[in-house]
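The values are calculated or read from the model by the stated rules, or taken from the named source; none is laboratory data. Treat the numbers as computed from the prediction; the structure is a model and nothing was measured. Reconstructed Cβ throughout: ideal geometry from the backbone, glycine too, with neighbour counts over all protein chains shown. Protein only, heavy atoms only, side chains kept; ligands, DNA and RNA dropped before computing areas. Shrake-Rupley method; radii C 1.70, N 1.55, O 1.52, S 1.80 Å.
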Amino acid sequence: MRTFLTVVLLLSTFMQAAAQKRPQLGDSALLTLVQQKTFDYFWSFAHPVSGLAPERTATPNVVTIGGSGFGVMAILVGIERGFITREKGLERMLKIVNFLSKAEHYHGIWAHWLDGTTGKTVPFSRKDDGGDLVESAFMFQGLLAVRQYFDRDVPKERELRNKINNLWRDAEWDWYTRDGQDVLYWHWSPNNGWAMNHQVRGWNECLIAYVLGASSPTYPISPRVYHRGWTVSNHFLNGREYLGIKLPLGFDYGGPLFFTHYSFLGLDPRGLKDRYADYWEQNRNHTLINRQYCINNPKKYKGYGADCWGLTASDNHQGYSAHSPTNDLGVITPTAALSAFPYTPEYSMQALKYFYNKVGNKLWGKYGFYDAFNETVNWYDHQYLAIDQGPIVVMIENYRSGLLWRLFMSCPEVRQGLRSLGFTSPAVPAG
């Protein structure tokens, strides 16, 4: 009996080890695998009617505008990497744009969430039942990259470009200054007007809304809206050091890492500067502070270290939160380090290998890495979120080839908008 039990225990241990073992891949192959699995969230799990990305795996009929904006960029990566053909990608884009053209909108701006079948608004909260300027900015960032990518002189690609241009020209960025104030407002709805009363001020993930507002060919905002709105905040200029690293802008210790991702999926931070900051320095230093905090691990959470780092907004064992060094619950979110590949490639690769090889099957599923985990309380999420999936695909590609940066920065309107706000960039010729 003892021998039999010993054999059973050994067999069980072997089977668990075999299940946990991952194929050993070189760095390039591993990056491609992660991109392909994560891309599939936006391809295979896309809503069948709209083609847009569900908010998360638990809500398949509620599609998200911002996450889908990241998703259309991920589809371009899928074409370039050979996961799908250009023709299939084009058909999906036409489905998405046709749906967006008919979906409810508010002065050309979509809601945060839509019903994936009907295009009707799904309220994000009681009074947030109308236009969401920031989520729509993430979508327009993606659509403009798509327009630049499908540049062939053939009927369907021309059709796609024309439809994207129609949506772009319909977006009333100046409406969201709330009767001509020198600041953008996040929300407006016909039911609740400006009741959300949320001014968009920096520093956070919303820079792209001001860039696109200044770039609009039809309803542009004045540069003073940027200089008197976005940059006038108690949390804009910083200039202090944290863990020996200078932070030009933002909250103490930088805040969650998605600040360095969402606006910069298309907006190229390399050499991007204005009178306030060097945005490459800002994003890289924010990332380095976040990682160094995890290495120091002042709260002594299990797993934290040079190979396991990255605090940003995600699911957690208690619900959902914007994790950061000043809001640290022991939760590591893979998108934080993986979407930082352009800024910290060596350190991001360390994290990728830890997540893939060490945490393994507890964290890896159908669409790549699950949203988050906490080794201290032995909690591993089993959901995926569009806003966390998309930046992984896109920012790894920007590290590898610069694809989305090149596409977005090639937009003539964006170049003009950046110049009008006082930005300089190697990607923007002097006008």
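So, with +1 on the Cβ of K and R and -1 on the Cβ of D and E, and no other charges, what is the size of the charge dipole of the chain about its Cα centre, to the nearest 20 debye?
760
Considering only the other residues whose Cβ falls under 12 Å of the Cβ of residue 162, what net charge follows from Lys and Arg at +1 and Asp and Glu at -1?
Values: positive: 147, 156, 158, 161, 163, 169; negative: 157, 159.
Combined, the nearby Lys, Arg, Asp and Glu give +4.
Relative contact order, percent, of the chain when contacts are C-alpha pairs under 8 Å separated by at least 6 residues?
Once divided by the residue count of the chain, the mean separation gives 17 percent.
Which label belongs to the value computed from this structure, given these candidates for Cα extents along the principal axes in Å: [x] 93, 50, 39; [y] 81, 51, 43; [z] 78, 47, 43?
[y]
Summarise the accessible area of the range 233-392 (1.4 Å probe, protein heavy atoms) by the percent that is carbon and sulfur. Can you show the working numbers first?
Values: 2530 of 5500 Å².
About 46 percent, which is the carbon plus sulfur part of the accessible surface.
Kindly identify the range 67-162 as rounded, prolate or oblate by the Cα gyration tensor criterion: order the square roots of the eigenvalues as a ≥ b ≥ c, call it rounded if a/c is under 1.5, otherwise compare a/b with b/c, prolate if a/b is larger, else oblate. The partial results should precede the final answer.
Details: a/c = 2.26, a/b = 1.97, b/c = 1.14.
In terms of gyration-tensor shape, prolate.
Where does the charge balance sit around residue 122 when Lys and Arg score +1, Asp and Glu -1, over other residues with C-beta under 11 Å from its C-beta?
Charge balance in the 11 Å sphere: -4.
Given the pairs 102/127; 127/246; 95/362; 163/366; 127/353, which are separated by over 31 angstrom at their Cα positions?
From the list (102/127; 127/246; 95/362; 163/366; 127/353), the Cα-Cα distance tops 31 Å for 127/246; 95/362; 163/366; 127/353.
Roughly how many Å² is the accessible area per residue of the chain, as a whole number, for a 1.4 Å probe?
Averaged over the residues of the chain, the accessible area is 39 Å².
Lys and Arg at +1, Asp and Glu at -1: add these up for the other residues within a Cβ distance under 11 Å of residue 240 and post the number.
-1
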